[in-house]
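Read the structure below first, then the notes.
The values are calculated or read from the model by the stated rules, or taken from the named source; none is laboratory data. Quantities reported herein were computed from a predicted structural model and do not represent experimental measurements. Note that we place each Cβ from the backbone using ideal geometry, even for glycine, and neighbour counts take in every protein chain shown. The accessibility values were calculated without ligands, DNA or RNA, using every heavy atom of the protein model including side chains. Shrake-Rupley method; radii C 1.70, N 1.55, O 1.52, S 1.80 Å.
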Amino acid sequence: MFNWKVGMTQKFDFDTPIDRTGTYCTQWDYVQDRFGKSGLLPFTISDMDFAAPEVVIRALKQRLEHPVLGYSRWNHDDFKTAISHWYCSRFDCDIDTNQLVYGPSVIYIVSKLIELWSKPNQGVVFHTPAYDAFDKMIEGQDRKCVRSELIKLQGRFEINWPDLESKLADDNNTVLLLCSPHNPTGRVWSRCELEKIAALCDKYQVNVISDEIHMDVCFKQHIPYVGMSRSGQWAVVTSASKSFNIPALNGAYALIADASIRERYLHKLKAVDGLSSPSILGVLGTMAAYNQGEPWLNALNAYVFANHQYVQETLHNAYQDIHYVIPDATYLAWIDLSSLDLDMSLLHQTLIERFNVAIMSGDVYGDSGKGYLRLNLGCPRSKIEQGLSALIQAIQLQR
């Protein structure tokens, strides 16, 4: 059963910095692409600065001892059993492995399901603030972004139920893209909330795609959207990539309840897009992580939670007006600076030009993100100390 607190960080080294420069790393080597300046200390792209678990590295090394790297398969018992084991042990959730499909990335699978469950100019509903790739993908499919803004109550983000229902009731909106846990706010949806979402989507015949890529870095129980809908028009899409810091290996998977949609998705994957042969390293990495990586993950969660606590204490000590609430999940700190009435553009410019620090601006995630910063805490404490020190000094220059 899920218990992130059992992780003993002493058994794993999350404190020693690892130099990622020169590895063709998006976050470090290509920070100039987004921020206009090279050599910045980045808290941006949502991967971590930690080494992947040794059990994963060992599995990859073992496979690379074989010199032939040919085409491979994902549709076998070893891969499916690793996933079903993970859902059972981590979430106390039994899955039907016949519903499992592979995809090269979560966004790819989500995109294909939107194609199958909607037509051009129809709407895709999602909560905001939202991962910016959602807007780009939906608009790129010639679908309409239908945003339901979350309500912030005492530092906690809640669903605006009347607003959500009104948008699900619109016949032109055929898909709900649920982010669970939610990025960037870090909300973990309760069973009651998920059941209410499912009931509304069943009522209005809306298909649910639940993006659960952040499901493992959680500080409370995550509940998969498996079997929530009575209609069967749902899919859970996820990957081991965020949890175990292996996105470069490529690979994701989904549970698609409807057999006809599942077959149509697999047709697109193989016959249309030619992507049915997976990265063998991605398949092996997922299997090793799910079969042997839970102790590392529990320790990671404990370390990241302590990083959140450090951010909370440090910001509160510096500015009594900043009330940072530790999220339910993710290694991403969603920091509300609106109470300080800052010029956020000037703040970012100061961080970049004067302190050589890059932090994601909240408005990247939509209008409801204005006044926020998203700070990646998937890194050693020493890096966070540098970033927060720069942020506090940059704020002081405006006060």
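Residues in the range 152-171 that are loosely packed, with under 12 Cβ neighbours inside 10 Å, outside any helix (DSSP H, G or I) and modelled with pLDDT of 95 or more: how many?
Count: 1.
Taking A133 as the residue in question, decide whether it is closer than 30 Å to Q312 by Cβ, out of contact with any Cys (no Cβ under 9 Å at 6 or more places or on another chain), assigned by the TED database to the domain that holds K242 and without any contact (Cβ under 8 Å) to a residue 60 or more places away in the chain.
So A133 passes the test.
Taking the range 222-234, which residues are within 16 Å of the chain's Cα centre (by Cα) and of a type outside the set (V, I, T)?
H222, P224, Y225
In the range 234-255, what count of residues is obtained for those that are in contact (Cβ under 8 Å) with a residue 12 or more places away in the chain and either β-branched (V, I, T) or open to solvent by 50 Å² or more (accessible area, probe 1.4 Å) (or both)?
6
Filter the range 116-143 for residues that are among the basic types (K, R) and surrounded by fewer than 17 Cβ atoms within 10 Å (Cβ to Cβ); which is nearest to R262 (Cα to Cα)? Spell out the reasoning first.
Keep residues of the range 116-143 that are among the basic types (K, R), which gives 119, 136, 143.
Remaining after also requiring surrounded by fewer than 17 Cβ atoms within 10 Å (Cβ to Cβ): 119, 136.
Details: K119: 18, K136: 24 Å.
Only one residue fits best here, namely K119.
Return the pair list, or none, for Cβ contacts closer than 7 Å from residues in the range 95-109 that are more than 15 Å from V283 (Cβ to Cβ) to residues that are outside any helix (DSSP H, G or I) and open to solvent by 30 Å² or more (accessible area, probe 1.4 Å), at least 6 apart or on different chains.
Every condition considered, the pairs that remain are I95/V226.
Taking into account only those residues within the range 18-37 that are part of a loop (DSSP other than H, G, I, E, B) and closer than 16 Å to C379 by Cα, which is most open to solvent (accessible area, probe 1.4 Å)?
Per the stated criteria, the residue is D19.
Go through the range 260-291 residue by residue and tally those that are in a helix (DSSP H, G or I), of a type outside the set (S, T, N, Q), in contact (Cβ under 8 Å) with a residue 12 or more places away in the chain and closer than 17 Å to R73 by Cα. I'd like the intermediate steps shown before the answer.
Taking the range 260-291 and keeping what is in a helix (DSSP H, G or I), we get 260-272, 280-291.
Then drop every residue that is not of a type outside the set (S, T, N, Q), which leaves 261-272, 280-285, 287-290.
Restricting the remaining residues to those that are in contact (Cβ under 8 Å) with a residue 12 or more places away in the chain gives 261-262, 264-266, 268-269, 280-285, 287-290.
Still in the list and also closer than 17 Å to R73 by Cα: 265-266, 268-269, 280-285, 287-288.
Selection size over the range 260-291: 12.
Which of the residues belonging to the range 186-227 are touching an Asp or Glu at 6+ places or on another chain (Cβ under 6 Å), open to solvent by 30 Å² or more (accessible area, probe 1.4 Å) and not in a loop (DSSP other than H, G, I, E, B)?
Answer for the range 186-227, where residues must be touching an Asp or Glu at 6+ places or on another chain (Cβ under 6 Å), open to solvent by 30 Å² or more (accessible area, probe 1.4 Å) and not in a loop (DSSP other than H, G, I, E, B): there is none.
Check every one of the strands (runs of 3 or more DSSP E) wholly within the range 292-392 and list those with 1 or more residues that are in contact (Cβ under 8 Å) with a residue 24 or more places away in the chain and surrounded by fewer than 20 Cβ atoms within 10 Å (Cβ to Cβ).
Once the strands (runs of 3 or more DSSP E) in the range 292-392 are filtered for at least 1 residues that are in contact (Cβ under 8 Å) with a residue 24 or more places away in the chain and surrounded by fewer than 20 Cβ atoms within 10 Å (Cβ to Cβ), what remains is 332-336.
Tally up the residues in the range 245-267 that are hydroxyl-bearing (S, T, Y) and more than 26 Å from L60 (Cα to Cα), please.
The qualifying residues number 2.
Going through the range 99-132 one residue at a time, which ones are assigned to a helix (DSSP H, G or I), within 18 Å of the chain's Cα centre (by Cα) and farther than 26 Å from W161 by Cβ?
Of everything in the range 99-132, those that are assigned to a helix (DSSP H, G or I), within 18 Å of the chain's Cα centre (by Cα) and farther than 26 Å from W161 by Cβ turn out to be V106, I107, Y108, I109, S111.
Which members of the range 38-58 meet the condition of being open to solvent by less than 50 Å² (accessible area, probe 1.4 Å) and either farther than 27 Å from V283 by Cα or at pLDDT below 95 (or both)?
L40, L41, P42, F43, T44, S46
So R230 clears everything in (1) closer than 27 Å to T286 by Cα; (2) in a loop (DSSP other than H, G, I, E, B); (3) open to solvent by 30 Å² or more (accessible area, probe 1.4 Å); (4) not aliphatic (A, V, I, L, M) except one condition, right? Which one?
Just one mismatch for R230, condition (1).
Checking the structure you have, find out if any residue of the range 256-274 is under 27 Å from A52 (Cβ atoms) and either open to solvent by 10 Å² or more (accessible area, probe 1.4 Å) or at pLDDT below 95 (or both).
Looking for residues that are under 27 Å from A52 (Cβ atoms) and either open to solvent by 10 Å² or more (accessible area, probe 1.4 Å) or at pLDDT below 95 (or both), one finds none in the range 256-274, hence no.
Need the failing condition index for D94 against (1) part of a loop (DSSP other than H, G, I, E, B); (2) within 22 Å of N250 (Cα to Cα); (3) acidic (D, E), just the number.
Of (1) part of a loop (DSSP other than H, G, I, E, B); (2) within 22 Å of N250 (Cα to Cα); (3) acidic (D, E), only one is false for D94: (2).
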